[in-house]
Amino acid sequence: MTLDKPVIDTAAVVHQRLTGRRVQWRELAFETALLLMLLLSVGVLVVLLADVIAASLPVFRTRAGDFITGQLSSSATTAGVGSSIIGSLALTAIVAVLAFPVGIGTAIYLEEYAGDTRLARLVRTNIRNLAGVPSIVYGILGFAIFVRFVDAVGLGGATNGRNVLTGGLTLTALVLPIIIITASEALRAVPDSIREAGYGVGATRWEVVRSHVLPAAAPGVLTGTVLTLARAFGETAPLLLVGAVTGFFTLGSSATLLDRFTDAYGALPVTVFAWSRQPGDDFRALAAAAIVVLLVVLLTANAAAIILRNRYERKW
Amino acid sequence: MTRPGEPMIHRSDLRGDPKRVRRERRVRALFVISAALSIVISLLIVGSLVGEAWNFISTVDLGALFDLGWFPRRGLFDLRTIIVATLLISAIAMLIATPLGLGAAIYLSEYAQPKARRLLKPILEILAGIPSVVLGYFALTWISPNLVQPVFDTQVFNMLAAGIGVGVLVTPLVASVSEDALRAVPQELRAASYGLGAKRSETVRKVVLPAGVSGVVASLILGVSRAIGETMVVAMAAGATGGGLFTANPLDPGITMTAAMASLAIGSDQVAGAGNAFQSLFFVGLLLFVITLLLNTASERFVRRVQERY
């Protein structure tokens, strides 16, 4: 009898115990279920896009250019989103002009100046709470305060203050907390060694912020701002309360710039809402086409933000 | 500056250029003002809500607050109608968003290969950026006829379709907040669990989820808050924008608090109606404001618990 082979092949036993011949069905089922949940969440986006694009095809196939430049109209064959796009761009521009400086200013105050003072704590809590207020409540703020304010300062125009300026102010209040939060995060990501280097050569606080912290935080701040402006571009509910028209309006070619800012206005998402409510397939197709335009704008903005971030973001 | 033969540094030397000091003060004042603006906005919101809401409550016939249905232009303000519809739609939304959002979060945080994560996470982010008006259209034109109507015999406008739509809207929020919470669970805990011979699913269920439970709960509360405050999906897909009778059946059309506010504004392009109808807008707004504020504060408490522990 030879003992050149061990009775038990230990290595094989360990290997088998570790890898196991039987499939661990419960493990597999658990992972598959989780994956299914994820794919369902993501699949919704695919179905949504397919549904919207399919429904919009008749419009884009027959009159794409006419639809993009056209005005709102009660006839489905001539209605277009031109005036709504301009309205939305004007709203977004107002938001950018107002919310960007105030938002960054607040973020700089909170991150660079305030420390842990009472005012800073109050502002921080307040901003977090504001960020959670439903958007339609901002609509109430808009039409109870901003409409009267705009009318009182003489910019009410023919609409008594229910114009694009009011809409812009309302959206500014809505997105301000979000801009502040994202800008704060970007500022916080700048390491303290940068600031200390600035102070070390005798710079004042503002000089450090202006020439060192802000340039370093700029990619993050800009990305956050672009995403937030995209959010403002797609916002509907508060505009319903501050007079974005869901009906049909045209501005004559003789309208001055002031007229355009103080007269009735439309916005792309509001137009989507109005057309979806119309009975009949014609307007449904128009709504779908308007959604496609809306999503193209938003996805472009999102892509730009992501490229901006990837290109300029620095890891410290 | 110090001169030769005079080595002492005086305090005046350290004070700096008065021009720079003045500029520093001006800049700081600007920042304080912009920070104070956000508080002004809060005060304006509360101020604009409370005054008119009080006018509403003090002038309305209290019997009209619990009667038949919500028909503000006819003086019927049944709060049960809009509150029950709001809760019903939020509950349906969370029934959708909880499994989808949590499942997606657990998969992304515990199972996904880095490559898959890099592909799937941005898609979820895009979904999160889709405007609610688009999901309203989707709920009305796809979810209702393709998911709800084949199963239940009901009309196009119903609360179930709206609830599913809101659920889709809330899913990315739940997924992203709870994924953050799960990823914040230290790797040592997982390693210890594996070291004891636990399988992956056991590690997830018995170690990672309990450790990240505060963040997960926070994401769900945030989801509920978002669902309650959502306007467009509900206004477009739940129907009954003109007002509705009291119903607790999700297959009926219904009107939520947000939709009730929106419907006072649309149709006429003018917030109008007999005195009370106009003021009811503020009352419902205040109710909504208080509910979401409480939920968000609760959610924040839970998030802070995670941050403190690790």
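The values are calculated or read from the model by the stated rules, or taken from the named source; none is laboratory data. Predicted model, so just to flag it, every value in this text is computed and none were measured. Positions of Cβ are generated from backbone atoms using ideal geometry, with glycine treated the same way; all protein chains shown enter the neighbour counts.
Regarding B:PHE157, is this residue over 23 Å from the mean Cα position of the chain (by Cα) and crowded, with 17+ Cβ neighbours inside 10 Å? Against the criterion (over 23 Å from the mean Cα position of the chain (by Cα) and crowded, with 17+ Cβ neighbours inside 10 Å), B:PHE157 qualifies.
Please verify whether B:ALA181 is more than 12 Å from chain A (Cβ to nearest Cβ), surrounded by fewer than 18 Cβ atoms within 10 Å (Cβ to Cβ) and not hydroxyl-bearing (Ser, Thr, Tyr), treating the condition exactly as stated. Here the answer is no, as B:ALA181 does not meet what is asked. Of the residues making up region B:24-52, those that are modelled with pLDDT of 90 or more and more than 7 Å from chain A (Cβ to nearest Cβ) are B:ARG25, B:ARG26, B:ALA29, B:ILE33, B:ALA36, B:VAL40, B:LEU43, B:VAL46, B:GLY47, B:VAL50. Sub-6 Å Cβ pairs linking a first residue in region A:185-208 that is among the β-branched types (Val, Ile, Thr) to a second residue that is surrounded by fewer than 17 Cβ atoms within 10 Å (Cβ to Cβ) and at pLDDT below 95, at least 6 apart or interchain, are A:THR204/B:ARG20; A:THR204/B:GLU24, ordered by first then second residue. Against the numbered list (1) within 7 Å of another protein chain (Cβ to nearest Cβ); (2) out of contact with any Phe, Trp or Tyr (no Cβ under 8 Å at 6 or more places or on another chain); (3) charged (D, E, K, R), A:ARG118 comes up short only at (1). Only one entry of B:SER132, B:SER144 meets the criterion of being among the hydroxyl-bearing types (Ser, Thr, Tyr) and at the interface with chain A (Cβ under 9 Å from one of its Cβ atoms), and that entry is B:SER132. Comparison of A:ILE136, A:ILE85, A:ILE104 shows that the only residue that is surrounded by 19 or more Cβ atoms within 10 Å (Cβ to Cβ) and more than 14 Å from chain B (Cβ to nearest Cβ) is A:ILE85.
Out of B:ALA277, B:ALA248, one residue alone is touching a Lys or Arg at 6+ places or on another chain (Cβ under 7 Å) and either aliphatic (A, V, I, L, M) or at pLDDT 90 or above (or both). It is B:ALA277. Within region B:157-181, residues that are closer than 26 Å to B:LEU251 by Cβ have Cβ atoms under 7 Å from residues that are part of a helix (DSSP H, G or I) and of a type in the set (Lys, Arg) in these pairs: B:VAL170/B:ARG226, counting only partners at least 6 apart in sequence or on another chain. State whether one or more residues within region B:211-233 are at pLDDT 90 or above, surrounded by fewer than 22 Cβ atoms within 10 Å (Cβ to Cβ) and more than 23 Å from the chain's Cα centre (by Cα). Yes, some residue in region B:211-233 is at pLDDT 90 or above, surrounded by fewer than 22 Cβ atoms within 10 Å (Cβ to Cβ) and more than 23 Å from the chain's Cα centre (by Cα).
Listed here are the helices (runs of 4 or more DSSP H) enclosed by region A:67-152 that have at least 3 residues being under 20 Å from the mean Cα position of the chain (by Cα): A:82-108, A:118-131, A:135-141.
All conditions but one from (1) away from chain A (no Cβ under 14 Å); (2) within 30 Å of B:GLU202 (Cβ to Cβ) apply to B:TYR107; the one that does not is (1).
Only one entry of A:PHE60, A:PHE30 meets the criterion of being aromatic (Phe, Trp, Tyr) and free of Cβ contacts under 8 Å to residues at least 24 places away in the same chain, and that entry is A:PHE30.
If you scan region A:32-82, which residues turn out to be among the polar types (S, T, N, Q) and modelled with pLDDT of 85 or more? Within region A:32-82, A:THR32, A:SER41, A:SER56, A:THR62 meet the criteria. Could you check region B:156-197 and list, in sequence order, the residues that are over 15 Å from B:LEU88 (Cβ atoms) and of a type in the set (Phe, Trp, Tyr)? B:TYR194, the sole residue that qualifies. Tallying residues that are under 30 Å from A:ILE127 (Cβ atoms) and surrounded by 22 or more Cβ atoms within 10 Å (Cβ to Cβ) within region B:57-91 yields 4.
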